[in-house]
Amino acid sequence: MPATLSAFKALLWLVALTVLSGCTTSGVMQQAHWQFLSGDTAAAVSTLGGSDQVARKDRLLYWLEKGMYLHYAGDYERSSQELLKAAEYIQQSDYISLTSEARELLANEWASSYRGEYSEQLWVHSILMMNFLHMGRYDSAAVEARRALEVMDSRTEVLKPDYFTRALIALSFEAAQQANDAYIVNRKLADDSKTNALDAVLFKQASTLGFASDAVELKKRSNNAELNTSSNVAVLFIAAGQVPQKFSGSLITSDVTRLAFPQYAFAESRPEPLSVLVNGNPCNCSAISSDLGELVSASLNKRGVSLATKSLIRAAAKDAVADAAADADEIVGELTRLLLFALEEADTRSWRSLPRHFTMIRVPLPSSDTIQTLQISRGTQTQTLTIEPGNQGLQFFSLLPQQFVN
Amino acid sequence: MSRIYHSSHIFKACVFAVLSVILSGCATTRDISPESSIHYDASYDFADKKKIVNHLSTSLMQFVDESSVRPTLISYGIGNQTSEHINTGGISDDIRLVLVQSGRYQMINEAQRSNINTETDYQQAGNVAISQRIQQGKQLGADFVLAGTLRSIVKKQPRQIRFNKKKLVYYTLNLELTDTETGAVAWADKVEIARESSQPIIGW
């Protein structure tokens with residue numbers, strides 16, 4: 001009788017664990033996501049309300065999603081406030097939490113706090129850089145650029161192909177008049193991406209910094225073509241598509257053991273080519289893109305060994321718990337086994353409001369005393385921007401997928 | 001037997017109560033001296049600001065004699081080239097305060113120029129009696145521009161088997177006075193702060 005009682009207690013404990021593990025993000029987050037997908041960003045922000053509406057373990061996701069909705073809505077100040085909280089949280093969570101590890105071992109990864117994929121930890125800084133550039137707070141953009149470089153240095157093998165963020169880092173340094181840092185980042189980016197899209201920028205920066213031999217080399221590399229070094233530049237940040245979503249994959253190793261692991265619903269995607277007209281004339285613009293789908297998938301794969309190891313340890317632990325319960329009472333043992341089988345669920349949480357592609361286009365602008373127009377076309381869709389006379393230097397514009405109209 | 005059972009329950013309750021008190025912690029608030037040097041981690045804090053302001057303002061005051069003509073300065077702020085969101089305006093404001101209070105320099109309030117223009121335009125628009133209107137064209141011209149840069153170098157311990165992760169931060173603030181007539185750097189000084197912090201890799 002005491003043995004049955006103990007087994008019953010264990011079962012009750014497991015039921016509680018199941019309830020607590022909560023294999024889903026909160027309803028509020030879900031509702032906000034649907035509102036965002038239907039194009040109602042303001043409603044999505046309003047639905048999210050305060051961070052106390054979501055479980056502590058999903059707090060990072062709350063800040064990431066809200067920060068992104070506000071970024072899309074053009075409220076860069078509030079977006080930065082949310083994303084800075086996310087950045088601080090990521091920094092503070094950079095340790096092994098014994099309670100989280102124990103929860104993950106007994107239930108699944110849903111039971112612990114979400115810390116973000118490596119690429120997501122980088123993109124917090126990417127969005128912050130764009131926000132600060134839009135607000136004209138160039139020193140702050142450069143601070144985020146340095147933080148982004150720190151994240152990139154820690155996960156170089158996964159994050160190196162994020163050319164958009166690297167170009168954004170260089171741009172933030174450039175805007176903050178930190179020309180040497182901008183040149184170093186651009187130079188490495190040009191070498192790694194094997195692109196000549198940065199030749200004009202590099203030539204201008206090398207000339208300004210007095211790197212005469214580099215300037216000559218860049219001029220030669222572009223076959224002595226005229227490199228547009230205009231100081232007035234419109235910089236377009238163009239978002240397209242939607243980042244792939246995670247789903248739960250599983251591997252059933254026996255009748256009673258299941259290993260679950262997250263995967264990305266990943267299909268190859270290329271952004272539609274863009275064309276830009278400046279005052280009706282074709283533009284000799286440079287474009288740098290990143291496929292966020294490829295990057296986030298690579299980030300998850302990088303954690304693959306650790307995830308698989310945890311899954312195996314968890315399976316062994318669950319088997320041991322079920323066996324112990326079965327020793328006390330066979331029925332309770334079987335129920336425990338079933339419950340633990342059902343409890344094995346992959347953590348499919350991710351930053352869902354990100355686009356699939358980010359592209360940065362630098363558009364050199366001629367000097368003009370009149371209003372200038374930029375026409376950006378993607379497929380059959382066109383977006384027109386106007387630039388008031390008198391605006392000098394770098395000017396920033398963000399274009400979202402829904403801003404292109406037929 | 002019943003007494004033993006009863007005592008055991010009381011003992012458990014006591015242990016639980018003591019644990020609760022320990023775990024709950026006690027919220028406290030206390031005043032600390034602004035002169036104290038307390039660092040929770042390696043990042044920039046108020047003690048660093050005080051050190052920077054004290055060193056640079058003392059050095060700047062030694063640049064001019066008490067008896068000489070007071071030079072006029074304009075501050076163009078301190079650029080932040082660190083990887084922290086540090087409000088460097090606080091440093092330049094405090095240095096300006098010390099310089100003004102010392103009486104050895106005159107400081108131009110660049111931040112108020114727009115407000116001064118608004119006020120002058122208002123007065124000249126006929127809202128203020130002629131006798132009370134301020135005279136235009138009498139603002140001071142700066143003899144020197146005061147500007148600087150705060151930089152940091154952060155070094156983290158490489159990934160290896162260890163129980164703590166260490167972080168080294170080296171801050172340096174360079175401040176310069178540039179002669180507006182000649183463009184020459186008339187005075188320059190710097191403050192250096194280096195700090196190491198250690199955080200456990202494993203926690204609750």
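The values are calculated or read from the model by the stated rules, or taken from the named source; none is laboratory data. Nothing here was measured: the structure is a model prediction, and the numbers come from that model. Reconstructed Cβ throughout: ideal geometry from the backbone, glycine too, with neighbour counts over all protein chains shown. Accessible surface is based on the protein model in full, side chains and every heavy atom, while ligands, DNA and RNA are left aside. Shrake-Rupley method; radii C 1.70, N 1.55, O 1.52, S 1.80 Å.
Yes/no per residue for (1) among the hydrophobic types (A, V, I, L, M, F, W, C); (2) open to solvent by 20 Å² or more (accessible area, probe 1.4 Å):
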{"residue": "A:Met29", "(1), (2)": "yes, no"}
{"residue": "A:Thr47", "(1), (2)": "no, yes"}
{"residue": "A:Gly50", "(1), (2)": "no, yes"}
{"residue": "A:Tyr89", "(1), (2)": "no, yes"}
{"residue": "A:Thr99", "(1), (2)": "no, yes"}
{"residue": "A:Glu117", "(1), (2)": "no, no"}
Odd one out for A:Gln205 among (1) without any contact (Cβ under 8 Å) to a residue 40 or more places away in the chain; (2) within 14 Å of another protein chain (Cβ to nearest Cβ); (3) open to solvent by less than 50 Å² (accessible area, probe 1.4 Å): (2)
Some residue of region A:56-72 being within 14 Å of chain B (Cβ to nearest Cβ), touching a Phe, Trp or Tyr at 6+ places or on another chain (Cβ under 6 Å) and closer than 30 Å to A:Leu340 by Cβ: no
Among the residues listed as B:Ile86, B:Ile52, B:Ile91, the single one being open to solvent by less than 60 Å² (accessible area, probe 1.4 Å), part of a loop (DSSP other than H, G, I, E, B) and touching a Leu at 6+ places or on another chain (Cβ under 8 Å): B:Ile86
Options A:Leu64, A:Leu70: the member that is free of Cβ contacts under 8 Å to residues at least 40 places away in the same chain, under 18 Å from A:Ala239 (Cβ atoms) and in a helix (DSSP H, G or I): A:Leu70
Filtered residue count, region A:208-250, keeping only those that are open to solvent by 30 Å² or more (accessible area, probe 1.4 Å) and part of a helix (DSSP H, G or I): 10
Number of the exception - B:Ile202 against (1) away from chain A (no Cβ under 14 Å); (2) over 23 Å from B:Ile38 (Cα atoms); (3) surrounded by fewer than 12 Cβ atoms within 10 Å (Cβ to Cβ): (1)
Options A:Thr18, A:Thr24, A:Thr4, A:Thr47: the member that is modelled with pLDDT under 95 and not in a helix (DSSP H, G or I): A:Thr24
Checking A:Val124 against (1) more than 14 Å from chain B (Cβ to nearest Cβ); (2) in contact with a helix residue (DSSP H, G or I) (Cβ under 6 Å, 6 or more places away or on another chain), the condition it does not meet: (1)
Checklist (1) under 30 Å from B:Gln62 (Cβ atoms); (2) β-branched (Val, Ile, Thr); (3) without any contact (Cβ under 8 Å) to a residue 12 or more places away in the chain applied to B:Thr118, failing item: (1)
Matching residues, region B:94-124, being of a type outside the set (Lys, Arg), within 15 Å of the chain's Cα centre (by Cα) and open to solvent by 60 Å² or more (accessible area, probe 1.4 Å): B:Leu97
Test set (1) small (Gly, Ala, Ser); (2) open to solvent by 80 Å² or more (accessible area, probe 1.4 Å); (3) not in a loop (DSSP other than H, G, I, E, B) - B:Ala147 fails condition number: (2)
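Anything in region A:76-98 that is among the aliphatic types (A, V, I, L, M) and more than 8 Å from every other protein chain (Cβ to nearest Cβ)? List them, or say none.
Scanning region A:76-98 gives A:Leu83, A:Ala86, A:Ala87, A:Ile90.
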Scope region A:156-184; condition open to solvent by less than 40 Å² (accessible area, probe 1.4 Å) and away from chain B (no Cβ under 14 Å); matching residues: A:Val158, A:Leu159, A:Asp162, A:Phe164, A:Thr165, A:Arg166, A:Ala167, A:Leu168, A:Ala170, A:Leu171, A:Tyr183
Condition check for A:Arg187: closer than 16 Å to A:Thr359 by Cα, assigned to a helix (DSSP H, G or I), open to solvent by 10 Å² or more (accessible area, probe 1.4 Å) and not acidic (Asp, Glu): no
Condition met for B:Gly183 (within 14 Å of another protein chain (Cβ to nearest Cβ) and loosely packed, with under 14 Cβ neighbours inside 10 Å): no
Count of region B:43-82 residues which are within 14 Å of chain A (Cβ to nearest Cβ) and at pLDDT 90 or above: 7
One residue from B:Val191, B:Val154 being surrounded by 15 or more Cβ atoms within 10 Å (Cβ to Cβ), part of a strand (DSSP E or B), within 14 Å of chain A (Cβ to nearest Cβ) and not acidic (Asp, Glu): B:Val154
Check on A:Asp153, part of a helix (DSSP H, G or I), without any contact (Cβ under 8 Å) to a residue 12 or more places away in the chain, of a type in the set (Asp, Glu) and within 14 Å of chain B (Cβ to nearest Cβ): yes
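Would you point out which residue out of A:Arg166, A:Arg187 is within 30 Å of B:Thr149 (Cα to Cα), at pLDDT 90 or above and in contact with a Leu (Cβ under 6 Å, 6 or more places away or on another chain)?
After ruling out the rest, the residue left standing is A:Arg166.
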Region A:137-147: number of residues that are open to solvent by 10 Å² or more (accessible area, probe 1.4 Å) and either within 9 Å of chain B (Cβ to nearest Cβ) or in a helix (DSSP H, G or I) (or both): 5
Of all residues making up region A:347-363, the number that are over 30 Å from A:Ser248 (Cβ atoms) and open to solvent by less than 30 Å² (accessible area, probe 1.4 Å): 4
Residue among A:Leu399, A:Leu394 that is within 20 Å of A:Gly136 (Cα to Cα), touching a residue at least 24 places away in the same chain (Cβ under 8 Å) and open to solvent by 30 Å² or more (accessible area, probe 1.4 Å): A:Leu394
Residue within region A:128-136 that is more than 14 Å from chain B (Cβ to nearest Cβ) and either modelled with pLDDT under 90 or more than 27 Å from B:Tyr44 (Cα to Cα) (or both) present: no
Subset tally (residues that are open to solvent by 50 Å² or more (accessible area, probe 1.4 Å) and assigned to a helix (DSSP H, G or I)) for region A:271-301: 2
